[in-house]
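These notes are about the structure you will find just below.
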Amino acid sequence: MKVGYDMHPLGDQAVLIEFSEEMSLEIHERIKQVSALLEHNQRDWLIEIIPAFTTITVIYDPIVVFKKNRGCSPFEVVCDMLDEMINRVEVKEPMRSNIIDIPVCYEGELAPDLEFVAASNKLTTQEVIKIHTSTEYTVYMIGFAPGFPYLGGMSENIAAPRKETPRLKIPAGSVGIAGLQTGIYPLETPGGWQIIGRTPIPLFQPTEDKPSLLSAGDKIKFTPITYKEYLAWGVTD
């Protein structure tokens, strides 16, 4: 099966490769395989590859492209080269993903919106925790803040709207829900998601060779831990 897509310019040094208007596991698998192909076929004009829910953005150096193809549009040249690479992709068996366990404490001040999420869905807090931790989630993309994972696969039974007034500070490690999505704040930032817990695991460490713990395509599972276990990780509140 060949990969269908459209290409659009983003300014004068980026190409947006659009695979679909709707998010799905099938589209995610296509994006993952095409991104892997581009990563393993690095060219001197290729600066960065940014996979998202239904698109891949390719940042390129128009000067490098122009010098090698004088008289031609750098955008058109890059599209032709991307076409040549992408057309070699045939989506077959899903690529193996890392499965990462994320411990989460769903207690007290670490979960200020847990009762709201429960009440919104006519559930108990324990039922929300059980549903949230019973699913294997897919990291569709990293965005919003460095290391912030957008996760697919959350049950609609615990969906909740964003907060009407965002908080100015959400502690690093906070696990939130917004609509049909759940995610983890890797850094202390403002945010409007409903916070239902917190993980002691650092998701973003800028001094590491691989700063972000998670990558697009990873699979994660949330595991509930007690507040005592949370503190045992050496976390200071």
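The values are calculated or read from the model by the stated rules, or taken from the named source; none is laboratory data. Source: prediction; values computed, not measured. For neighbour counting, all protein chains shown are included, and Cβ atoms are generated from backbone atoms with ideal geometry for every residue, glycine included.
Observations
- Unique residue being surrounded by fewer than 17 Cβ atoms within 10 Å (Cβ to Cβ) and not in a strand (DSSP E or B) when the list is C72, C79: C72
- You will find that of A172, A145, the residue that is in contact (Cβ under 8 Å) with a residue 40 or more places away in the chain, in the same structural domain as G108 (by TED's automatic domain parsing) and either acidic (D, E) or not in a strand (DSSP E or B) (or both) is A145 and no other.
- Looking at A145, A172, A178, just one residue is in contact with an Asp or Glu (Cβ under 6 Å, 6 or more places away or on another chain) and small (G, A, S), and that residue is A172.
- Complete set of residues in the stretch 187-207 that are part of a loop (DSSP other than H, G, I, E, B), within 21 Å of Y230 (Cα to Cα) and out of contact with any helix residue (DSSP H, G or I) (no Cβ under 8 Å at 6 or more places or on another chain): L187, E188, T199, I201, P202, L203, Q205
- Lone qualifier among I17, I50, I63 - being of a type outside the set (S, T, Y), farther than 21 Å from P149 by Cβ, outside the structural domain of M141 (by TED's automatic domain parsing) and assigned to a strand (DSSP E or B): I17
- Residue within the stretch 74-93 that is under 19 Å from S215 (Cα atoms) and either in contact (Cβ under 8 Å) with a residue 12 or more places away in the chain or of a type outside the set (F, W, Y) (or both) present: no
- The residue that is surrounded by the fewest Cβ atoms within 10 Å (Cβ to Cβ), among those in the stretch 171-186 that are within 25 Å of L231 (Cβ to Cβ) and not small (G, A, S), is P171.
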